[in-house]
Amino acid sequence: IAGITQAPTSQILAAGRRMTLRCTQDMRHNAMYWYRQDLGLGLRLIHYSNTAGTTGKGEVPDGYSVSRANTDDFPLTLASAVPSQTSVYFCASSVGVHTEAFFGQGTRLTVV
Amino acid sequence: AQSVTQPDIHITVSEGASLELRCNYSYGATPYLFWYVQSPGQGLQLLLKYFSGDTLVQGIKGFEAEFKRSQSSFNLRKPSVHWSDAAEYFCAVGVSTGGFKTIFGAGTRLFVKA
């Protein structure tokens, strides 16, 4: 079934550890996004990529990095996790600019 | 800066009653507007979108939204709510400043009472 796959589904991580959240799409969408969802704050954009080989910073990029080596994959890395990064992370993709986004099922990350 | 405001954190309506969820945006150019719905433990699903043309747009599950440029609003409506509509609803705007990205509001949680 075509769509977006995120891994892991959930993770408990010790503070200071490095973690990569994986995101793969098989729809050949050009644009991909990472959001974090926190109660009362909705979804906030962390990083985005409008096409393979390019990335951009969103609203809350500090502490996170991304890469877009190819069209399908868009991993999100926390270099040194902190408790404030406890959240639900959603990866999304869209065909191109100005089109709706398709979302993965989310990764629930707890940093302790 | 671009932003989306959903004034109501939560709303409770009776099953069969009408619904209106408010959304206001701040963006200097022509907006691309979306409404998404999120059921508990799930990702987001697109309900409807506005790019241009008719300012009243129809979406899935009987929802509609009206774009009002003068009020910078894009309110979501449904004439008769069903219990299965209980979920969280997000308004979003697509912006093209420094690359295209979608900015979301904080969401409105809808409760439906029997």
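The values are calculated or read from the model by the stated rules, or taken from the named source; none is laboratory data. Keep in mind it's a predicted model, so treat the numbers as computed, not measured. Because the Cβ atoms are built from the backbone with ideal geometry, glycine has one as well, and the counts that use them run over all protein chains shown.
At-a-glance table
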quantity	calculated
Of all residues making up the stretch B:86-102, the number that are at pLDDT 95 or above and assigned to a loop (DSSP other than H, G, I, E, B)	1
Selection from the stretch B:39-75 of residues that are polar (S, T, N, Q), over 11 Å from the mean Cα position of the chain (by Cα) and modelled with pLDDT of 95 or more	B:GLN58
B:SER80, sole failed condition from (1) surrounded by fewer than 16 Cβ atoms within 10 Å (Cβ to Cβ); (2) under 19 Å from B:GLY105 (Cα atoms); (3) in contact (Cβ under 8 Å) with a residue 24 or more places away in the chain	(2)
Hits in the stretch A:37-57 - residues which are closer than 24 Å to B:TYR89 by Cβ and within 9 Å of chain B (Cβ to nearest Cβ)	A:GLN37, A:GLY40, A:LEU41, A:GLY42, A:LEU43, A:ARG44, A:LEU45, A:TYR48
Strands (runs of 3 or more DSSP E) wholly inside the stretch A:1-75 containing at least 1 residues that are at pLDDT 95 or above and aromatic (Phe, Trp, Tyr)	A:31-38, A:64-66
Meets criteria (touching a residue at least 40 places away in the same chain (Cβ under 8 Å), touching a Pro at 6+ places or on another chain (Cβ under 9 Å) and of a type in the set (Lys, Arg)) for A:ARG17	no
Residue in the stretch B:3-16 that is free of Cβ contacts under 8 Å to residues at least 12 places away in the same chain and at positive phi present	no
Looking only at the stretch A:19-36, and only at residues there that are in contact with a Phe, Trp or Tyr (Cβ under 6 Å, 6 or more places away or on another chain) and within 10 Å of chain B (Cβ to nearest Cβ), the one that is farthest from A:SER93 (Cα to Cα)	A:TYR35
Verdict on B:SER96 being away from every other protein chain (no Cβ under 11 Å), touching a residue at least 24 places away in the same chain (Cβ under 8 Å) and among the hydroxyl-bearing types (Ser, Thr, Tyr)	no
Selection status of B:LYS68, among the basic types (Lys, Arg) and either touching a helix residue (DSSP H, G or I) at 6+ places or on another chain (Cβ under 8 Å) or surrounded by fewer than 16 Cβ atoms within 10 Å (Cβ to Cβ) (or both)	yes
Residue that is small (Gly, Ala, Ser) and within 25 Å of A:ILE4 (Cα to Cα), where the choices are B:GLY28, B:GLY94	B:GLY94
Of all residues in the stretch B:83-100 being hydroxyl-bearing (Ser, Thr, Tyr) and under 20 Å from B:GLN2 (Cα atoms), the one that is surrounded by the most Cβ atoms within 10 Å (Cβ to Cβ)	B:TYR89
Count of the stretch B:65-93 residues which are more than 10 Å from every other protein chain (Cβ to nearest Cβ) and either touching a Cys at 6+ places or on another chain (Cβ under 7 Å) or not polar (S, T, N, Q) (or both)	20
Single match in B:LYS101, B:LYS113 (criterion: within 14 Å of chain A (Cβ to nearest Cβ) and more than 21 Å from A:LEU39 (Cα to Cα))	B:LYS101
Conditions (1) within 14 Å of another protein chain (Cβ to nearest Cβ); (2) assigned to a strand (DSSP E or B): number failed by B:ALA106	(2)
